[in-house]
Amino acid sequence: MAAFDGKSILVLGGSRGIGAAIVRRLAGDGAAVTFTYAGSREAAEQLAAETGSVAVVTDSADRDAVIARVRESGPLDVLVVNAGVAVLGDPLTLDPDAVDRLIQVNVVAPYHAAVEAARQMPEGGRIIVIGSVNGDRMPFAGGAAYALSKSALQGMARGLARDFGARGITVNIVQPGPIDTDLNPADGPMRELMHGFMAIKRHGRPEEVAGMVAWLAGPEATFVTGAMHTIDGGFGA
Ligand SMILES: NC(=O)c1ccc[n+]([C@@H]2O[C@H](COP(=O)([O-])OP(=O)(O)OC[C@H]3O[C@@H](n4cnc5c(N)ncnc54)[C@H](OP(=O)(O)O)[C@@H]3O)[C@@H](O)[C@H]2O)c1
């Protein structure tokens with residue numbers, strides 16, 4: 001029997017990068033996985049066909065659409081909120097609408113998705129949100145909006161862990177450092193700057209993050225909640 005046989009899992013933002021690795025890992029371990037996407041229809045359809053998961057379009061910038069998607073998914077054993085965007089640059093010139101949209105996707109959607117999932121979640125359910133080591137450490141200029149969105153998730157996890165703890169529902173944040181995806185390619189312009197902060201001087205692989213998510217979603221993690229789990233090659237050390 002596979003680790004997640006019979007489990008119902010929703011991944012918000014699963015078409016590419018870390019989210020796609022999470023879908024592959026959990027579906028490969030037997031879960032019935034549904035994942036959302038916004039812009040990458042072709043990648044989403046390919047991943048669904050490859051993994052036997054279900055792809056559905058839902059824009060995480062639309063709070064009510066996110067709530068409806070979670071509600072329509074029924075009782076979830078595991079909710080993973082991965083969808084996230086980065087808006088980097090001089091705060092004096094950044095488009096305020098882009099900053100507000102980042103807060104919608106990175107903060108508002110995770111909060112409402114987590115609360116909505118908890119309404120129907122069985123005892124022992126898991127809520128896992130992908131934050132960032134930048135929630136703890138922002139060592140270069142231009143990252144304030146992104147960092148504020150990822151540190152907001154920390155307070156959310158601490159609070160919701162207490163709200164849902166009596167039901168055995170855990171709430172955890174996974175905080176990656178630089179991971180090789182479209183958002184932060186290993187051969188991109190930030191490579192040397194980022195590796196300079198790290199103890200292990202390479203980008204991580206999406207599969208490495210998916211492994212941590214699988215552990216938090218699995219049977220060994222029942223006593224782990226309200227906590228941040230950093231996987232960053234020592235970026236924040
Ligand atoms: N890569 C890193 O170095 C790194 C480090 C720390 C934390 N993170 C976090 O890890 C998460 C995933 O990052 P990634 O590197 O895998 O990014 P990515 O390669 O840009 O992929 C982002 C994923 O999120 C989805 N997404 C984005 N906006 C969405 C929206 N409005 N509605 C629905 N889905 C949306 C995308 O779907 P569509 O393409 O279909 O829109 C895609 O599947 C993010 O929360 C990010 O902040 C990444």
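Nothing in this text is a laboratory measurement; each read-out follows from the coordinates by a stated rule. The shown structure was predicted, so the numbers you read here are calculated from the model rather than taken from an experiment. In this analysis, Cβ positions are derived from the backbone assuming ideal geometry, glycine residues included, and neighbour counts consider all displayed protein chains.
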- [ ] Kindly state which strands (runs of 3 or more DSSP E) lie completely within the range 1-102 and contain at least 3 residues that are in contact with a His (Cβ under 8 Å, 6 or more places away or on another chain).
- [x] none
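Could you list, in sequence order, the residues of the range 75-96 that are at positive phi and exposed (fewer than 11 other Cβ atoms within 10 Å of the Cβ)?
Residues satisfying the conditions do not exist here.
Before we move on, is R16 more than 18 Å from the chain's Cα centre (by Cα) and either within 8 Å of the ligand (Cβ to nearest atom) or closer than 23 Å to P122 by Cα (or both)?
So R16 does not fit the description; no.
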- [ ] Assess whether D90 counts as being acidic (D, E) and within 11 Å of the ligand (Cβ to nearest atom).
- [x] no
- [ ] Taking S149 as meeting all but one of (1) under 27 Å from Q104 (Cβ atoms); (2) out of contact with any helix residue (DSSP H, G or I) (no Cβ under 9 Å at 6 or more places or on another chain), write down the number of the exception.
- [x] (2)
TODO: With the condition kept exactly as written, say whether any residue in the range 95-104 is of a type in the set (D, E, K, R), touching a residue at least 40 places away in the same chain (Cβ under 8 Å) and within 15 Å of the ligand (Cβ to nearest atom).
DONE: yes
